[in-house]
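Shown next, in structure tokens, is the structure this report addresses.
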Amino acid sequence: MLLEREQECRELERLLAGVRNGLSGVLVLRGEAGIGKTALLEHAVQSAADMQVARAAGVESEMELGFAGLHQLLMPFQGGLGNLPAPQREALGTVFGLAAHAVPDRFLVGLATLTLITEAAVERPVLCVIDDAQWLDRASVPVLGFVARRLLADRVGMLFAIRDGEPHAAGFEGLPEWRIGRLSDEAAHELLVASVGQALDQRVARRIVAEAAGNPLAVLEFGGELAPEELSGAASLAWPLRSGGRLEQLFLSRVQALPHAARTLLLAAAAETSGDASLTWRAAEQLGINPETAVVPGAERLLTLAPRIEFRHPMMRSAAYHAAPAPERRRAHEALAAVIDPTRDPDRRAWHLAEAATGLNEQVAAQLERSAERARSRGGWASDAAFLERSAELTPDRGRRAQRRLEAARAMHLAGEPAAARVMLERAMPDLADPLAAGKARRLEGLIADATGDPPKTPAILLDAAGMIAPHDSRLARDTLLQAVWTAHRAGRFGVGMTEALRAARATPRPQGSPATVGDLLLDGLAALADHHDEAGARLLRRALGSLTGDQPIPDDVLAIFMVVCFAALALYDDVAEGRLEDAEAAVAEGRALVVATGDRVQLNALDDAELQVLAWRGREAAARALGAQVLRNCADKGDALTMRVAHGALAVLELSLGNYEPALRHGLGAFEDEPVVTRDSEVDLVEAAVRCGDRQAAAAVLQAFSPRVQASGTEYALGELARCRALLAADDRAEPEYQLAIEHLQRCRITPQLARTRLLYGEWLRRRRRRRDARDQLRTAFGMFDAMGMDAFADRARSELRATGERVPKRTLGSRSVLTPQEEQIARLASEGASNKEIAAQLFLSTHTVVYHLVKVFRKLDITNRAQLVRALAGQDGPDPVTNADPSPS
């Protein structure tokens, strides 16, 4: 019975009603052990008779078995696997061991899970119930958290029960939550009376209620534990009712009161967490237990035996397991390993063998290592790490043990557990006698330092590692050097300079006979730029970037160095800053949603940086300055010079848009660093700010420094920026051709903000020459461009210049996008470009039903009836689209 849970029940019924009405709902029930979370889940299940119910429960001993919880939850829907898009089908098939494909991307696993569940809900609403979520395996938690955060209009409900104080439940933080409180004394008394089924002495009742402290399970267990004469008050009660004040002690005493055969059966059931009754009985037979003697009165209070073996409470499983001495526990695991099919379930068998081991055992350690390899092939890095860690503990040879610990540390790092990886690596390093292994360990140390946000230390560690690796594996050494170059760029003045990293790169040639990889081209190209061989360096970088164009997915080895690829694109002045600020805002919002959905908090700093750039280009003065100050403080604390430079660059743009040239110059100098490779817009902004402040010498020095690189890149963007800088520094009789050349180049690329800024500068120059008519043409065009892009401060600057020419300035316009949320705008844009609902869902990691839901709202907000009208509506144009025979629905 549920007492004092009216609010909780109403909340659950509200969620179920929303699911029935076509929406989705997620709720986390959080509270202490025994507080009634499971009872509320059962109430929800009973109220959802019209729905498909999928259930999973975390088991503490299965936390290392990758995707065990996800597999449990998705079992009712596996018939729909064949209907998934091929990449999603392969992803789920791989993590469940049904197919052998490349390690799937975690977002793809999450999207496949989302699609499988939401497609099942088309036929009938779905309720997913996950009990003891704090004990789900570490691979399943981020996937289920991701799915819960991407549901909207899918007819899916998700309920999680999580025990207080469990760190492994962090992946569900931020989801809608209901905290389950304790019962009042009156409700606890009512529950006790209803449960005991006999006359109850009031003094006894008060004693039980007081010791239960509002915990419903404690009320039931204390009452059920007492003899009739104790309940009636005829016999005195022991003090206290529970040893140490813990329910576990009560359950332990209940287990210990059973005969040996029953305890042994319970032990086997507790050791084998799959709930497979036949497996447990076969193991019991191995232990010499007769089923007829094992099933005794009292055992049913702890567990059910059919159709599956399930303990009534996780603490009961714990009590059944730990009530047995260690030798008996080992024998139980040994019996389970003996009855598990080594072909069908080798990993579970290997784990039981490990738990049965009494000392070092290379044979079992090798089996665990093979299990780790299988987990790795399915993308289960946490399981990979767990198997390797246990394998290392059983390995007799010190060197082999250290090697396995090194591999376990690597898996922990890839599983997103850098702190655990560092500890494991420290245990491995002293016994790594092999020089190459020692170099790999040092490399991993550097990667962990980078992942934990320690930019100053990382480059030196990676340089050291590359030197250790180079005599044995030049390919890995060069890959390590490329990481060192990137981290040196990031650390800047806080760490080892990039010059040292590139010097080491030049001293480490490619392996003989090996074709140049993307990493090789990037490393050699950056080294050439550092040596001022600009043409050769640009050519190598163009080859690297050119090899990644086309429809083929980016290879995994390139994804690992993707930031260096972006780094190279910046060095070549690739078209990357197009002025699509609404799209940028939508991308930042989507990024924050994905960070929350995946629990990847490290990326929040990068999103702050991206948001700062959008705010600066928007001209949102107060918000940009506040966020800029915060980002700069964080960068100084962490030694992140790259983000600091980018933040200064964004603030320089803000001040230029406002006409504040001295602050713009200060920020421009903060964004500029005498680095041997990369040039950026910040240098162009620095030239403008320095000229406006009258420091033409500084502006000329900056222009001279970056001109060779710009000319070597040869892009229209680069040449346009160079011509604009020359125009700013040119004498009056030579400036105009440079402005015109800059406009000519920039018109042939996608960098619309810089074209608008060039027209603004040219218009300002023309007005100061008293050529008002010509100035109006440039300023009017610049104003229109800034206005359309939503660059308010630059638009105001252009408006002021126009007024100075005597022009009557048109009113500001507000495009249709301003009425859309960032996610609606993103979906609308993709739809306007011809993407289908399934393609939009896959790109944005949503369900197709959520896409349709958003498109219906977009059509209503924009007052349109078909997709063909989206392009015009998003451009802010009025009037119906001439195409009238288009599909009138958003589907």
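Here is how the numbers come out for the structure above:
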read-out	value
Qualifying positions in region 371-390 - part of a helix (DSSP H, G or I) and small (Gly, Ala, Ser)	371, 372, 375, 377, 382, 383, 385, 386
Total residues in region 370-400, condition in contact with a helix residue (DSSP H, G or I) (Cβ under 7 Å, 6 or more places away or on another chain), surrounded by 21 or more Cβ atoms within 10 Å (Cβ to Cβ) and closer than 19 Å to residue 353 by Cα	14
Cβ-Cβ under 6 Å pairs, at least 6 apart or on other chains, region 702-723 side in a helix (DSSP H, G or I), far side among the β-branched types (Val, Ile, Thr)	702/687; 703/687; 706/679; 709/679; 717/751; 718/710; 721/684; 722/710
Residue within region 646-668 that is modelled with pLDDT under 85, of a type outside the set (A, V, I, L, M, F, W, C) and not in a loop (DSSP other than H, G, I, E, B) present	no
Qualifying residue in region 734-756 (condition: open to solvent by 10 Å² or more (accessible area, probe 1.4 Å), more than 25 Å from residue 783 (Cβ to Cβ) and either assigned to a loop (DSSP other than H, G, I, E, B) or of a type in the set (A, V, I, L, M, F, W, C) (or both))	no
Region 290-312, subset of a type in the set (D, E, K, R) and within 48 Å of the chain's Cα centre (by Cα), residue least open to solvent (accessible area, probe 1.4 Å)	301
Qualifying positions in region 614-649 - crowded, with 22+ Cβ neighbours inside 10 Å, within 18 Å of residue 790 (Cα to Cα) and in contact (Cβ under 8 Å) with a residue 40 or more places away in the chain	616, 617
Hits in region 38-57 - residues which are closer than 28 Å to residue 183 by Cβ and open to solvent by 20 Å² or more (accessible area, probe 1.4 Å)	38, 39, 42, 43, 45, 46, 47, 49, 53, 55, 57
Options 11, 60, 64, 32: the member that is modelled with pLDDT under 90, open to solvent by 20 Å² or more (accessible area, probe 1.4 Å) and in contact with a strand residue (DSSP E or B) (Cβ under 9 Å, 6 or more places away or on another chain)	32
Enumeration of residues in region 200-234 that are within 15 Å of residue 254 (Cβ to Cβ) and either touching a helix residue (DSSP H, G or I) at 6+ places or on another chain (Cβ under 6 Å) or in a loop (DSSP other than H, G, I, E, B) (or both)	218, 220, 221, 222, 223, 226, 227
Residues that are over 20 Å from residue 621 (Cβ atoms), among the hydrophobic types (A, V, I, L, M, F, W, C) and not in a helix (DSSP H, G or I), drawn from region 765-810	809
Sole residue being of a type in the set (A, V, I, L, M, F, W, C), over 29 Å from the mean Cα position of the chain (by Cα), open to solvent by 60 Å² or more (accessible area, probe 1.4 Å) and under 16 Å from residue 272 (Cα atoms), chosen from 338, 356	338
Selection count, region 421-444, where residues are free of Cβ contacts under 8 Å to residues at least 24 places away in the same chain and open to solvent by less than 60 Å² (accessible area, probe 1.4 Å)	1
Hey, residue 101 surrounded by fewer than 18 Cβ atoms within 10 Å (Cβ to Cβ) and not in a helix (DSSP H, G or I) or not	yes
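The values are calculated or read from the model by the stated rules, or taken from the named source; none is laboratory data. Since the structure is predicted, the reported quantities are computational estimates derived from the model, not experimental observations. Cβ atoms come from the backbone with ideal geometry, glycine included; neighbour counts cover every protein chain shown. Side chains are part of the model used for accessible areas, which takes the heavy atoms of the whole protein and leaves out ligands, DNA and RNA. Shrake-Rupley method; radii C 1.70, N 1.55, O 1.52, S 1.80 Å.
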